[in-house]
Amino acid sequence: MAKISDLLIDAGLPRDRLEECRRIAGSTGDSLDRVILQKEYLAEPQLLEVYARHLGYEFVSRLEGTAVPSSFVNRIPVQFTRNYNLVALSEESSGLVRVATCAPLDPQPMDDLAALLGMEVEPVLAPRTEITTLIARAYRHKADGVDEALADVAEDGDIAGLADKIDEAEDVLDVSNKAPIIKLVNTILFQGLKLRTSDVHFHPYADRTQVRFRIDGILYDMDSIPRKAHEAIVSRVKVMGRMDIAERRLPQDGRATIRIGDGEVDVRISSVPTSNGERIVMRLLDKTAKLYALNEIGLSDKNQAMLEDYVTWSHGIILVTGPTGSGKTTTLYGSMGQIDTTQKNVLTIEDPVEYTLAGISQVQVNNKKGLTFAAGLRSFLRQDPDVMMVGEIRDLETAEVAIRAALTGHLVFSTVHTNDAPSTITRMVDQGVEPYLVASSLILVVAQRLVRTICRHCRVMVPISDEWAAKLRKVELAPEQLNGEISFGEGCDECFHSGYAGRTAIYEFMPVDEILRTQIMNGATATEIKRSSIERGMGTLRMDGQEKIMDCLTTPDEVLRVTQLDMG
């Protein structure tokens, strides 16, 4: 067996860093692999591959499409699987269970799992994000304990007095010995995280409180909670967000961190008083969620090549535009992932910092302390930067600082809220930026929207009926272009019978060339800019949507839903 130190050095870990990690592991009691990951000296897949070779285990980089044995889901509590990041991949006829783990040096949970199953287990190493995604999928339809938690609430007399206990970072898996209202809120949040929910709504009605989840951009009604528990739920959520429980007549904002096992999720909380009581919306930002590379976000080959080229430029502004929740941050993070941070100094200012990026300094906006986008960007200019990202250009001051940075030899990434790429230019001019500054600093504008993708579990191909033909005509497609057949989802348990599961993006790429610069200087309208850009080969959001329909990724309904204002 090869020595682990030799294998780690072969994988690119310098000997001095290996010795440093060994010293830290010795003094803290942490395992060597955990210390290397905490220091970010090796990427997790790379590290797991080394340990797989050393220990003689199998290494699997992707678990997508794996079916977890139902016997495992039925017998092992979800708390156990999430706490220890363990999930069964298959059950062999010999009685052996292959189990994915991301902790090769921690045998205790494996032994406990073998005892729970009453079977022999064989470790398979896999990245943590792949394991957590598979667990969420496997346990999606298992009872979540919301009914049980509701029953506890109904039995408990003192509801209001149970809302005021909060840990530094609440672990939503830990519902044992918790007060009923705390258990209920934690259980709802855990159910939301399992279903890839971006927002959890507590919507008060005269007779009940309706819990709603936004999944893939669409709101779904979930559990109904008795009206008498509403005040206690609001108080509990306010305590989590460190908000004023006594203030019920004014809107409030708060922030909290919740834990799932050893993973953390940031929660942004908003409360608004309504005629039926306070309405709560919680936005969930899972820090353990996967970061997407440029080849995974729906870019066509041509657009991906263009973006990869522009991120190598030494100066200029690259703007990504679209409404809230259209995947702009994901595109920006994917672009930043293309930059060699060993050779370039990269800084970001965000509100909030959604994901941690290796090798990049990230700053969080703090308006109360005067740390705005503009102030942060101004201070970055004294940090010898090569590349900067500012979360959003929402005022003239930020726009002017970003332009100054671009004109003094820096590459700047940012987002704006406009309907399409051409109207971004008129928006900046309307904000008060001089047209010649926009023309000389802007190098690329990317507009985008998210469309739901057809569920692969219930996708079918059917002949194009008159009804489908009418929808295709609305997105300017002829039935002949699809060879007379169209793809859609019939609806199944996996996709809440919606026919859709997951999302991809459609894009509009508008490079700022000499012709466009002249038009900006001459005060051209957004319509004129769009018409001219299309003549020179720009593909609109609607056109990219057509490609996604022809590739059987989405449906005409989805493309129409997100491109109603698209003039192209």
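The values are calculated or read from the model by the stated rules, or taken from the named source; none is laboratory data. Values in this document were obtained by computation on a predicted structure and should not be read as measured data. Neighbour counts run over all protein chains shown; Cβ positions are idealised from the backbone, glycine included. Only protein heavy atoms, including side chains, enter the accessible area calculation; ligands, DNA and RNA are left aside. Shrake-Rupley method; radii C 1.70, N 1.55, O 1.52, S 1.80 Å.
Points worth noting:
- On the chain, 47 percent of the accessible area sits on carbon and sulfur atoms, based on a 1.4 Å probe.
- Dividing the convex hull volume of the alpha-carbon atoms in segment 1-43 by its residue count gives 69 Å³ per residue.
- Protein-only accessible surface at a 1.4 angstrom probe places the residues W468, W313 in the order W313, W468, largest first.
- K530 contributes an accessible area of around 10 Å² to the protein surface, as traced by a 1.4 Å probe with all chains present.
- For segment 188-336, the tally of Lys pairs with Cα-Cα distances below 28 Å comes to 11, considering only residues 8 or more apart or on different chains.
- Summing Cβ point charges (Lys, Arg +1; Asp, Glu -1) relative to the Cα centre of the chain gives a dipole of roughly 960 debye.
- Sorting D16, D244 by accessible area puts them as D16, D244; the probe is 1.4 Å, largest comes first, and only protein heavy atoms count.
- Our summary of shape: the Cα atoms of the chain have principal axis extents of 75, 66, 59 Å, ordered from largest down, in whole angstrom.
- If you take the Cα centroid of segment 177-221 and the Cα centroid of segment 246-313, the two points sit 16 Å apart.
- Dimensionless Rg over Rh [segment 252-305; C-alpha; Kirkwood]: 1.24
- Extension gain (nm, one decimal) between S270 and K474, 0.36 nm per residue minus Cα-Cα: 69.6 nm
- Taking the helices alone, the chain has a mean residue ellipticity at 222 nm of -10500 deg cm²/dmol, built from -39,500 (n - 2.57) per DSSP H run of at least 4 residues and averaged over all its residues.
- Accessible area of the chain divided out per residue, in Å², using a probe of 1.4 angstrom: 45 Å²
- With Rh defined as the Kirkwood radius, the inverse of the mean 1/r over Cα pairs, the Rg/Rh of segment 390-547 is 1.10.
- Largest to smallest in accessible area, the residues H457, H54 fall in the order H457, H54 (1.4 Å probe, all protein chains included).
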